[in-house]
Amino acid sequence: MDREESLTLAAEIMLDFAAQTGLSRDDKPQRRYLWTDAFAVCNFLELYHRKQEEKWLELALRLVDQVHQTLGRHRPDSAKSGWLSGLGEEEGKRHPTRGGLRIGKKMEERAPDEPMDERLEWERDGQYYHYLTKWMRALTRTSRVTGDACYLRWGMELAQTAHRAFRFSGPDGALELYWKMSNDLRRSLVPSVGQHDPLDGLVTCSEMVCAARHFPDQNLPGLEREIGELTQMSRGRDFSTSDSLGIGGILVDACRTGQLIIDEGFQDLPLFQRMVHDALLSLEDMGGGFVDQPAKYRLAFRELGLAIGLKGAARLSRLFEEYPDVHGGELAEWLQPRLEAMLWFHKLSGRIERFWIEERRKGTEHWRSHGDINMVMLATSLAPEQFLRAV
């Protein structure tokens, strides 16, 4: 499938998503879910960038507004009402991310006196740090495409809120991030820590600071404390994983970090090298045998996350071919053999896409069971530029 065919299919998928989730059709109930919608915003922005048709930008901005109006507020079935931040109606509209954003799960969050049920917790609402960082990215890209600093401001305010709420000191005094918090950010729902959350937060905050350079006349929030503490959390961490979505996430972070390094927005070269090393190690340990398995043993959105990451590795390789002299050329020299090894796996992205395109065409249960997230991540894999771009 060539580039234009991929774009055409991505456009078809995103129009379907907009209709099914109540974004473009008033007769459909709105179905907002933070992770899915963050990818969707980037997809609409990429379609606008490539096609120069206003309808795609309108969909992106409408989706941002719906997410804030829905997930920035307490659930309709909650005893509480209004903005999660507790701000008044008008002030809340001006700062819709000050209280964070709900995940968008169908079930209400676990009550304070309710015992933990690990299986049910996956179905319950709350706030995930790694979902919030995805939304920060969507807002940053929206700001860069529109030239409107308010979206970046909302992303930076969300970064401050999330860091303040999720950050804690472990038994040994080391800083960590909780995996899941309550809707009001007052209590931890899952006290374990996410393997890649500090790294994702660091890259995303660095990206927002870099984007703020384009708005020198705006008094945007500072993220120095957040970046300092997230750097501290990320150093010495093992990022290797056997999870395909997790591998894709490290590859995406490495791609974005490489661009930030070129633009002098990220200085910790050993941490960047650790990302690349652990991503390659994870790819080599995983292999590619899973693509020969039948659909019943596979999850589309997890594999598509890997496909997106592999597109990111290819983009990272192109960036350092274009800018080989960064840091005296030593970094590009170190990267070259590792990126070449990563690119050996690039063919997997095409195989993953073709498999799930066919499952979508047939409308199989394995596709429909996670239909919304499968749709947007397939579209991102087909047209990934806005999602992968860092500046």
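Quick note: the coordinates plus some simple rules give every number you see, no bench work behind them. All values reported here derive from a predicted model rather than from experimental measurement. Cβ atoms come from the backbone with ideal geometry, glycine included; neighbour counts cover every protein chain shown.
Relative to the present Cα-Cα distance, how much length would full extension add between A111 and R354 at 0.36 nm per residue of separation? Show your work: numbers first, answer last.
Details: separation 243, 0.36 × 243 = 87.48 nm, distance 4.30 nm.
Contour length minus the Cα-Cα distance gives 83.2 nm.
If you find the alpha carbon centre of the range 246-267 and of the range 327-391, how far apart are they in angstrom?
After rounding, the separation between the Cα centres reads 16 Å.
To the nearest 20 debye, what charge dipole does the chain have about its Cα centre, counting +1 at the Cβ of each Lys and Arg and -1 at the Cβ of each Asp and Glu? Present the calculation step by step, with values, prior to reporting the outcome.
Numbers: 52 positive and 61 negative charges, 165 e Å.
For this selection, approximately 800 debye.
So if a site counts as exposed when it's one of the chymotrypsin sites (Phe, Trp or Tyr not before Pro), its DSSP state isn't H, G, I, E or B, and it has at most 15 other Cβ atoms within 10 Å, what's the longest stretch of the chain without one? Show your work: numbers first, answer last.
Values: sites that count: W122, W344.
Counting only loop sites that pass the neighbour cut-off, the longest clear stretch is 123-343.
Using only DSSP helix segments of four residues or longer, with each worth -39500 (n - 2.57), what per-residue ellipticity at 222 nm results for the chain after dividing by its residue count and rounding to 500? Please list the in-between numbers first.
Values: 17 runs with 237 residues, N = 391.
After summing the helix terms and dividing by residue count, I get -19500 deg cm²/dmol.
Could you point to the residue in I308, F355, T380 farthest towards the positive end of the range 302-380's charge dipole, with +1 and -1 charges on the Cβ of Lys/Arg and Asp/Glu respectively?
Working it through, the farthest residue towards the positive pole turns out to be F355.
For each pair in K55/K93; K55/K180; K55/K296, compute the distance between the two Cα atoms and list the pairs where it is over 26 Å.
On the way: K55/K93 24 Å; K55/K180 35 Å; K55/K296 37 Å.
Correct reply: K55/K180; K55/K296.
Where q = 0.13, 0.18, 0.21 Å⁻¹, what log10 of I(q)/I(0) comes from the Debye formula for the range 212-352, counting one point per Cα?
-0.62, -1.04, -1.26
Comparing I262, I247, I103, which has the greatest mean-square fluctuation in the GNM of the chain with Cα pairs linked when under 10 Å apart?
Evaluated over the chain, the most mobile residue of the options is I262.
Could you let me know the centre-to-centre spacing of the range 121-184 and the range 31-82, using Cα atoms, in angstrom?
16 Å
Could you point to the residue in M107, Q69, Y33 farthest towards the positive end of the range 1-138's charge dipole, with +1 and -1 charges on the Cβ of Lys/Arg and Asp/Glu respectively?
Going by the charge dipole, the pick is Q69.
Sorted from fewest to most neighbouring beta carbons within 10 Å, what does the list R360, R187, R368 look like? Intermediate results must be reported in sequence, preceding the final value.
Values: R360 19, R187 15, R368 11.
Taking fewest neighbouring Cβ atoms as first place, the list is R368, R187, R360.
Based on other C-beta atoms within 10 Å, arrange H68, H370 from fewest to most. Can you show the working numbers first?
Values: H68 21, H370 15.
Ordered by Cβ neighbours within 10 Å, fewest first: H370, H68.
Just want the ordering: S192, S78, S182, from fewest to most Cβ atoms lying within 10 Å of their own Cβ.
Working: S192 10, S78 14, S182 20.
Ranking S192, S78, S182 by Cβ neighbours within 10 Å, fewest first, gives S192, S78, S182.
Enumerate the calculated ³J(HN,Hα) couplings along the range 67-77 in order (Karplus 6.51 cos²θ - 1.76 cosθ + 1.60, θ = phi - 60°), each rounded to whole Hz, writing x wherever the residue is Gly or Pro.
Values per residue, Gly and Pro as x: 4, 5, 6, 9, 8, x, 10, 5, 5, x, 8 Hz.
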